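Laboratory data are not the source of any read-out in this text; all were calculated from the coordinates shown. Please read all numbers here as calculations on a predicted model, not as lab measurements. Neighbour counts run over all protein chains shown; Cβ positions are idealised from the backbone, glycine included.
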Amino acid sequence: MLTKEPSVTVLVTVRNSANTIKKCVDSILKLNYKNKKVYVTDAYSTDGTWEILKGYGKKIRTERVRGNIAKAHNHMIRRCNTDFVALTDADCVVDKDWLKYLIEEFKSNDIIAAGGFIKTPGEVNKLQYLLGLELKNRFGSLPKYVWRLPTMSLCIRTEYAKKVPFDENFDVAQETEWGYRITKIGKIVFVPRSIVSHYHRSSWKAYFRQQFRYAEFAFRLYFEKKNLAKLIDGITKSSMLLELLLIYFGALSLLLGFYNGIFLGVSRLLFAILLVDYIINALKLSRNLYDVLLLLIIFAIRNIAWCVGIIVGIFKDLFG
């Protein structure tokens, strides 16, 4: 049981985020939480991010670290001596009570980590708005205890963060792999009232690349941690996995259709089911026709990126 305001170091890793890093750091400094430090590592940005960070002087601790996000987090955690470390991303803005609400959840020793709700800022384009709308829907159905949450909103007891470091072999999805290991010794609690606003990818190309990168590491993640395949975390819904199967089997049936016409019918049926699934999920989010059409495109781009990324990841892991 916590009897006083414990010490917390808020960690941020950044590379080339000059458009959002000041909003991020300013929001952390304005937190309604006194016993905190701010520690930011920059992966040798080339867009002016480092110069922005240096402008804060002694208000924050800054350092340049080469490597991926997992390496940067581990580097910072090893140097922290506070009771807790809290993580957020450079393209996020934290609510003033974000940290306060997370810390309040550590009421028992079996709670190792806590994470909050992700929403979208108001000043975004249509793509960012719809990506946020879809993510908000997924976060809205999360249970109290989960086995993973994104590092854009995560608070961890420092002693466990040092015992269970992030796996630096993963350039993405490191929090998924970490959550799998950390929940073997304790619980992660989801705190809806603890809010972080996240700037999603602002272009279709950037969104495709992001989803492709996630999928590229998926094979390694689920191959190495086979029990992960049995876990549906709520953030990744079972319907999203069903869509992947429909695309793969639909494409396979299409190819087989060159040899036997029956498979062409099977392919049409599978893709028709996929379209119906897209429409149902889009209508759950919006009844605006333009929004629905864009959501259908978002779903398709995500699935295509995942399908291609998984195949590339398999080839890299098996033959690279």
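Segment Asp277..Tyr44, full-extension length gain: 79.6 nm, with 0.36 nm per residue of separation and the alpha-carbon distance subtracted. Taking a quarter of the surface of the convex hull around the Cα atoms of region 110-204, what do you get in nm²? Approximately 6.8 nm², given one-decimal rounding. Charge dipole (Cα centre; +1 on Lys/Arg Cβ, -1 on Asp/Glu Cβ; no other charges) of region 76-120 amounts to roughly 140 debye. In this rough spin-label picture, where each label sits 7 Å from Cα along the Cβ direction, the Tyr259-Glu168 distance is 4.7 nm. Sorted into 10 angstrom bins from 0, the C-alpha pair distances of the chain split as 6, 24, 33, 23, 10, 3, 1, 0 percent. The residue among Leu242, Leu99, Gly265 whose Cα reaches farthest toward the positive pole of the charge dipole of the chain, with charges on the beta-carbon of Lys, Arg, Asp and Glu, is Leu99. Equivalent ellipsoid of region 1-121: semi-axes from √(5λ) of the C-alpha gyration tensor, largest first, are 25, 15, 13 Å. Debye-formula intensities of region 203-320, expressed as log10 I(q)/I(0) at q = 0.17, 0.18, 0.20 Å⁻¹, are -0.99, -1.08, -1.21 (one equal scatterer per alpha-carbon, no solvent). Couplings 3J(HN,Hα) of region 167-173, computed from phi: 7, 6, 6, 9, 6, 9, 6 Hz, in residue order, whole Hz [Karplus 6.51 cos²θ - 1.76 cosθ + 1.60, θ = phi - 60°; x for Gly and Pro]. Compared with the direct C-alpha span, the chain from Phe249 to Ile111 gains 45.5 nm at full extension, assuming 0.36 nm per residue. If only the Cβ of Lys and Arg carry +1 and only the Cβ of Asp and Glu carry -1, the dipole of the chain around its Cα centre is close to 680 debye.
With R₀ set to 41 Å, the beta-carbon distance separating Arg79 from Arg213 gives a calculated FRET efficiency near 0.90. Length gained on full extension, Ser7 to Leu142: 45.8 nm, using 0.36 nm per residue less the C-alpha separation. Taking the longest Cα principal axis of the chain as reference, the axis of helix 126-139 is set at about 80 degrees. Counting only chymotrypsin sites (Phe, Trp or Tyr not before Pro) that DSSP places in a loop and that have at most 15 other Cβ atoms within 10 Å, the longest clean stretch of the chain runs over 45-257.
By its C-alpha gyration tensor, with a ≥ b ≥ c as the square roots of the eigenvalues, how is region 263-320 shaped: rounded for a/c under 1.5, else prolate for a/b larger than b/c, else oblate?
The shape class here is oblate.
Per residue, the chain reaches -15500 deg cm²/dmol at 222 nm when only DSSP H runs of four or more residues are counted, each adding -39500 (n - 2.57).
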